[in-house]
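Structure record follows, encoded as structure tokens.
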Amino acid sequence: MEGIETVAQLMCISAVTAPKSKGENFVKTRVLIGPAIKELAEAMTRFGERKKKKDFDRDARNIASSDAVVLIGIKDAKPLGLNCGACGFPDCQTLLQQERTTVEFTGPVCAFRLLDLGIALGSAVKTASMMNVDNRIMYRVGAGAVDLKLVDWDCVMGIPLSVTGKSIFFDR
């Protein structure tokens, strides 16, 4: 679909320029088009089967039918330094001392940096919406992208894009 890559790039701009805690940017973006989309969809299906997790196959079908996929995540996001405890630890120093573990994503992560990711995602989908491009934020896309090693970010969400007469993300 002509123009979809431009919309995807504009979404990345929106994500990167979205407001961030202390003005520090740990947000990363990547656009997938063409064969990379099919590869991701296949990897998502395999991941769901291997981990015995539901709905990876359903979301993979959406990805396979998408015109583009925007990945948005955070990497190496330093704690904000508020010692607020929102991450589940009493202070930022204790958070930093935790062993980093990876299940689908890597953590622990400062809650404010995850909020920054949420704001970036909201800014990106707002841009897609302004361009009348159907989209949906999907965590399973991010998990598949990490498993496939498309990105090495700590937490990633995927936003598939579609331009059709009826949103492919509605009746699932």
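Summary of computed values
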read-out: Search result, residues across the range 10-28 that are surrounded by 15 or more Cβ atoms within 10 Å (Cβ to Cβ), over 13 Å from Gly122 (Cβ atoms) and either within 15 Å of the chain's Cα centre (by Cα) or of a type in the set (A, V, I, L, M, F, W, C) (or both); value: Leu10, Cys12, Val16, Phe26, Lys28
read-out: Cβ-Cβ under 6 Å pairs, at least 6 apart or on other chains, the range 132-157 side buried (at least 23 other Cβ atoms within 10 Å of the Cβ), far side of a type in the set (Asp, Glu) and assigned to a loop (DSSP other than H, G, I, E, B); value: Ala143/Glu104
read-out: Answer from Leu117, Leu121, Leu71 - the residue that is among the aliphatic types (A, V, I, L, M), closer than 22 Å to Asp147 by Cβ, touching a Lys or Arg at 6+ places or on another chain (Cβ under 8 Å) and surrounded by 14 or more Cβ atoms within 10 Å (Cβ to Cβ); value: Leu71
read-out: Qualifying positions in the range 87-107 - surrounded by 14 or more Cβ atoms within 10 Å (Cβ to Cβ), more than 17 Å from the chain's Cα centre (by Cα) and closer than 30 Å to Lys149 by Cβ; value: Cys87, Phe89, Cys92, Leu95
read-out: Conditions (1) surrounded by 15 or more Cβ atoms within 10 Å (Cβ to Cβ); (2) more than 25 Å from Gly165 (Cβ to Cβ); (3) touching a residue at least 40 places away in the same chain (Cβ under 8 Å); (4) over 14 Å from the mean Cα position of the chain (by Cα); number of the one not met by Ala128; value: (2)
read-out: Residues of the range 115-172 classified as of a type in the set (Lys, Arg) and at pLDDT below 95, total; value: 2
read-out: Within the range 78-112, tally of residues that are under 23 Å from Met157 (Cβ atoms) and free of Cβ contacts under 8 Å to residues at least 60 places away in the same chain; value: 20
read-out: Subset of the range 120-143 (residues that are touching a strand residue (DSSP E or B) at 6+ places or on another chain (Cβ under 8 Å), part of a loop (DSSP other than H, G, I, E, B) and aliphatic (A, V, I, L, M)); value: Val133, Ile137
read-out: Of all residues in the range 38-68 being out of contact with any Gly (no Cβ under 8 Å at 6 or more places or on another chain) and basic (Lys, Arg), the one that is surrounded by the fewest Cβ atoms within 10 Å (Cβ to Cβ); value: Lys52
read-out: Number of the exception - Ile37 against (1) under 14 Å from Leu161 (Cβ atoms); (2) out of contact with any strand residue (DSSP E or B) (no Cβ under 7 Å at 6 or more places or on another chain); value: (2)
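Yes/no per residue for (1) farther than 24 Å from Leu114 by Cα; (2) free of Cβ contacts under 8 Å to residues at least 40 places away in the same chain:
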site	(1), (2)
Thr17	no, no
Lys20	no, no
Glu24	no, no
Val31	no, no
Ala36	yes, no
Arg50	yes, yes
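The values are calculated or read from the model by the stated rules, or taken from the named source; none is laboratory data. Quick caveat, the model's predicted, so the values are computed rather than measured. Glycine gets a Cβ as well: all are built from the backbone with ideal geometry, and neighbour counts include every protein chain shown.
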